[in-house]
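For reference, the structure discussed in these notes is given below.
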Amino acid sequence: MKNNNLSLGDRFAEISVFIITAIALLIGWNLKSNVENRAYLFEANGISVQAPDGWRQIQTSGDEAFHSAELSSDGFGTTYIVRNIPIPADASAGGIASLLTLERGQKMTAFRVLDQREVNVNDKIAYELSYVFVESNPDLTHASAPKVVYGVDYIYINGNQAVVVTYWAEEGKYEIDLDRFHRFLQSVKF
Amino acid sequence: MPKSSKKSTAPQGRAHVWRDEFILILSLIVFTGVIYALSDTLSPMLQGPVLVWAGVLLALVPAFIWLAFFYMQDRAEPEPKSYVFGIFILGCLLAAAVGTPLIDSIFRVSKWMYADSITTLLAGILVIGFTQEYLKYAAVRFSVYHSDEFNEATDGIVYATAAGLGYATVLNMQFVISNGGVDLGAGVIRMAVVALAHASFAGIVGYFLGRAKFESEPIWWMPLGVTIAAVMNGTFNWLRGQVVQTGVNLTGASTNPWLGLVLAAFVALITMGVLVWLMRRDAGVKHEK
């Protein structure tokens, strides 16, 4: 194809189309952030969180104070859980992490701990436990391969209770959704 | 702004372009009806890879129909077939390499755009509409636009339609593959809707491109064209969502995809009518001068 030299007008026209598209996408990104960050105040069982709007509220069981999962038609729905676990007075966060590891190892398929360390979250000391497991959907009609799920627990000692904030997300979505989870984590009050 | 080597617009010289567009709309409706009737009557038991391949073949049909009619009728001043086919392929490549990753993986629109009706409309225009229409514009503007073969205003519509059909073909193929095949009846309706819609919005971009090349248009001309196409794109998808959903029952929302095809055919015919009128008006104004 033979290309003629571009006139200044042609060049400006090209740039202006690019700019208008970029502006539209920037506004679109802002809209995305706005929708994804919509939250409502959830208060129960001694905790309060800014829960993601539009997620499925799951019936809590046992020591769970909050359990919510993103609606997902394709694969594993990103999940946030907050638990209030009664503990002995001398229990340490590291000890709770060991108990959780044992518990998850028994319940979850192919559970592996990836990392554990003490961290500072929002001026509070927490114990961070990162792990991976394979989703085991009990629904036999679920016609897709099991998903590899990455998870992290943040364990806080609060008197005679351990508050455990959990994040589970499918392998490919874990890093992408991490910022949103951090905002949720910062909203947890107990 | 003045431009060099301008030539006159001559819509009459490309009368078959409008015929091709009309035949595309008509053929797609007939083809959809035939496949739907066959699927309904014969109920073919396709499974696995055969079902996927059947879907992929269906996805290619709209582009094939248009390209075939274009090939047969473009005799008066033939547009290089390799250029038209090349733009079609470029539309496919841009959709697969840029459009889909940007919309699905970076913006992840399916996760948030259905939060409420206004968000669906805005995301459809700002993210999906602008991305898709810019890429169709880019497929023409950064390839054949500056060549000597782009020598009539209607060439903009021809090449942009080829890019739009390329984009639609990839979207349809991705839909088939990601679902492991489609029900032939419902699938063929969806493919016809996507092809008609993308060809129509690309036609708008093409009209603005044609005028931009052969008239002294202001700097806002081309952004206006892409914006109109993007707004129509987003509004159409929003409206289709409203129209095809006929109710909610115990198994979920019930839909009537035929209403989507009626809407797409209506939009395509109206768009074509407006473009014919605009081109004739432009030619008349030029003739008076």
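The values are calculated or read from the model by the stated rules, or taken from the named source; none is laboratory data. As the structure is a computational prediction, the values presented were derived from the model and not from experiment. For neighbour counting, all protein chains shown are included, and Cβ atoms are generated from backbone atoms with ideal geometry for every residue, glycine included. The accessibility values were calculated without ligands, DNA or RNA, using every heavy atom of the protein model including side chains. Shrake-Rupley method; radii C 1.70, N 1.55, O 1.52, S 1.80 Å.
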Rounded to one decimal in Å, the inverse mean reciprocal Cα-Cα distance for segment B:105-188, i.e. its Kirkwood radius, is 15.2 Å
Round to a whole angstrom and tell me the spacing of the C-alpha centers of segment A:34-80 and segment B:209-242.
-> 41 Å
Among the residues of segment A:33-78, which ones have their accessible area go down by 30 Å² or more when all the protein chains sit together, as opposed to their chain alone (1.4 Å probe)?
-> A:VAL35, A:GLU36, A:ARG38, A:GLU70
Within the set of other residues whose C-beta is less than 13 Å from the C-beta of A:GLN57, count the net charge using Lys and Arg as +1 and Asp and Glu as -1.
-> -2
How much solvent-accessible surface does A:PHE42 expose, in Å² to the nearest 10, with a 1.4 Å probe and all protein chains in place?
-> 40 Å²
Using a 10 angstrom cutoff on alpha carbons, build the Gaussian network for chain A and name the most mobile of A:ALA91, A:ALA51, A:ALA162.
-> A:ALA91
Estimated D of segment A:39-187 in µm² per second, where Rh is the Kirkwood radius over Cα pairs and Stokes-Einstein applies at 4 °C, 1.567 mPa s = 81 µm²/s
Starting from the residue with the highest accessible area, list A:LEU102, B:LEU259, B:LEU102 in decreasing order, probe 1.4 Å.
-> A:LEU102, B:LEU259, B:LEU102
Report B:VAL34's accessible area, 1.4 Å probe, all protein chains in place, as a number in Å² to the nearest 10.
-> 80 Å²
Accessible area buried between chains B and A, both sides summed, probe 1.4 Å, in Å² to nearest 100 | 3000 Å²
What accessible area, in Å² to the nearest ten, does a 1.4 Å probe give for B:SER178?
-> 90 Å²
From largest accessible area down, sort B:MET232, B:MET222, A:MET108; use a 1.4 Å probe on the protein chains.
-> B:MET232, A:MET108, B:MET222
Just the accessible area per residue of the protein assembly as shown, please: how many Å² with a 1.4 Å probe?
-> 48 Å²
For a label point 7 Å from the Cα of B:LEU269 along Cα→C-beta, name the residues of segment B:211-248 whose backbone N is under 18 Å from it.
-> B:240
Once the principal axes of the Cα atoms of the protein assembly as shown are found, what is the range along each, listed largest first in whole angstroms?
-> 94, 58, 36
Put B:VAL30, A:VAL49 in order of accessible area, largest first, 1.4 Å probe: what do you get?
-> B:VAL30, A:VAL49
Once both label points are put 7 Å beyond Cα along the C-beta direction, the B:ASP116-B:ALA186 separation in nm becomes 2.9 nm
Contour minus Cα-Cα distance for A:PHE12 and A:ASP53 (0.36 nm per residue) = 10.5 nm
For A:ALA89, put the label point 7 Å out on the Cα→Cβ axis and report which residues of segment A:147-169 keep their amide N under 14 Å from it.
-> A:159-161
Calculate the spin-label point distance for B:GLN174 paired with B:HIS146, positioning each point 7 Å from the Cα along the beta-carbon direction, and give it in nanometres.
-> 2.9 nm
Expressed as a percent, the accessible surface of segment A:47-190 that is carbon or sulfur, using a 1.4 Å probe and the full set of protein chains, is 50 percent
Chain A: relative contact order in percent, alpha carbon pairs under 8 Å with at least 6 residues between | 19 percent
Label-point gap, in nm, between B:GLN245 and A:GLN106 - each point 7 angstrom along Cα→Cβ = 4.5 nm
How much length is gained on full extension from A:ASN45 to A:GLU175, taking 0.36 nm per residue of separation minus their Cα-Cα distance?
-> 43.8 nm
